[in-house]
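See structure below.
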Amino acid sequence: MIGYRRPCSMATGLLLAAATLVLGSCVTAPPAAQDATGNAPMPIDPDNAAAFARMLDRIEDRNVIFVGETHDRYDHHLNQLAVIRGLHDRGVALAIGMEPFQRPFQPYLDDFVAGRIDEATLLDRTEWAGRWRFDPALYRDILDYARRERIPLVALNAPTETVRQVSAYGIDGLDELERAVFPTRIELAGGAYRRQLESIFQMHGHQMPDGHLQRFLEVQYVWDQTMARTAADYLRDHPGTTLVALVGSGHVLYDAAIPGRLRRLYPGTQAVLITDAGYFPEGASASYVFKARDLRPPERDRIAASDDRF
């Protein structure tokens with residue numbers, strides 16, 4: 001496990017909780033601040049095989065396909081699996097990038113796909129319960145399919161230690177090794193994406209000391225830039241592979257989040273797919289939107305969600 005040098009304050013914990021809320025749960029500004037005109041594509045019914053196939057026809061040649069999620073919505077994860085399965089059945093060479101797993105734990109994902117460890121060992125060695133607070137049953141179908149079909153899994157996310165360090169002390173608080181992951185010039189969120197983040201911060205700002213907006217934006221930067229960097233590195237090292245990136249919808253609905261950052265590092269073709277969450281925020285963009293379904297994962301052995309992430 002990576003050592004963590006300095007303790008976090010309560011304000012840091014609140015900051016991380018708010019940051020996770022906006023990007024992990026696709027929470028947006030209050031309804032009055034939403035785009036009243038509606039700029040989302042017409043939703044696709046995931047159960048409509050013909051419509052789903054037509055969508056795959058249009059995206060199967062993309063270098064990167066982002067399939068956004070609300071982390072605790074099982075229907076979102078089933079849509080992700082359907083995209084992965086559909087592309088794999090067409091013979092597309094795939095890798096699956098996953099936000100729940102952090103970069104230092106990549107060897108354990110390799111071991112899992114190769115059949116050297118089982119799911120319980122994977123979750124234990126990647127410290128799932130402490131680093132990702134969502135029920136693994138929501139992701140089990142995707143993990144099982146990747147293992148069965150030997151599709152590489154890519155740990156996209158920044159280490160919790162780095163995120164906490166930035167939340168507490170800013171990017172300037174990173175040591176030389178941690179700082180080397182990021183460009184010399186730090187470009188925080190801009191445009192509609194920044195306005196969205198600021199509106200979320202204001203919803204929680206009464207709980208935080210003055211001046212924490214900058215740290216809040218830096219935390220978003222660390223997540224977005226790390227996942228873009230990890231994706232770019234993988235694509236450069238594996239030419240001819242399509243990366244299906246499974247991340248919170250808030251990370252991909254705005255070009256200023258992961259998509260634009262990735263293009264600057266790896267100028268390939270992209271598609272952004274999400275599942276309908278009942279609204280589409282101002283300035284957001286997606287290639288396709290799936291209709292929502294009220295579904296639950298099978299009742300199997302579960303690991304309780306942990307609140308220790310913050």
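Computed from the coordinates by the stated procedures, all read-outs in this text should not be read as laboratory data. This one's a predicted model, so the numbers in the text were calculated from it and none came from an experiment. No Cβ is skipped: glycine too gets one built from the backbone with ideal geometry, and neighbour counts run over all protein chains shown.
For this structure, a couple of remarks:
- The Rg/Rh ratio of the range 149-228, with Rg taken over Cα atoms and Rh as the Kirkwood radius over Cα pairs, comes to 1.03.
- Qualifying GluC sites (Glu not before Pro) for the range 150-235 [loop in DSSP, other Cβ within 10 Å: at most 13]: 187
- R0 of 35 Å, Cβ-Cβ distance residue 60-residue 181: FRET efficiency to nearest 0.05: 0.65
- Trypsin sites (Lys or Arg not before Pro) restricted to DSSP loop in the range 35-117 with at most 15 other C-beta within 10 Å: 90, 116
- Per residue, the Cα convex hull of the range 71-160 amounts to 84 Å³.
- In loop segments of the range 212-244 as defined by DSSP, there are no chymotrypsin sites (Phe, Trp or Tyr not before Pro) with at most 14 further C-beta atoms inside 10 Å of their C-beta.
- Our coupling estimate for the range 166-177, obtained by passing each phi through the Karplus curve with A = 6.51, B = -1.76, C = 1.60 and θ = phi - 60°, is 5, 4, 7, 10, x, 4, 5, x, 6, 7, 4, 5 Hz, Gly and Pro reported as x.
- For residue 101, distant residues with modelled amide H under 5 Å away: 156, 157
- Note, ³J(HN,Hα) from phi for the range 136-151, Karplus 6.51, -1.76, 1.60, rounded to Hz, x at Gly and Pro: x, 4, 5, 9, 4, 4, 5, 4, 4, 5, 4, 5, 5, 9, 6, 8
- Rg and Dmax [Cα atoms of the range 10-290; Å; Rg one decimal, Dmax integer]: 18.0, 53
- Amide proton proximity set for residue 245, modelled H, under 5 Å, gap of 5+: 65, 66, 67, 97
- ³J(HN,Hα) computed for each position of the range 256-272 - Karplus, 6.51 cos²θ - 1.76 cosθ + 1.60, integer Hz, glycine/proline x: 6, 8, 5, x, x, 5, 5, 4, 5, 8, 8, x, x, 8, 9, 9, 10
- Summarising the amide proton neighbourhood of residue 94: residues at separation of 5 or more, or on other chains, whose placed amide H is nearer than 5 Å comprise 242.
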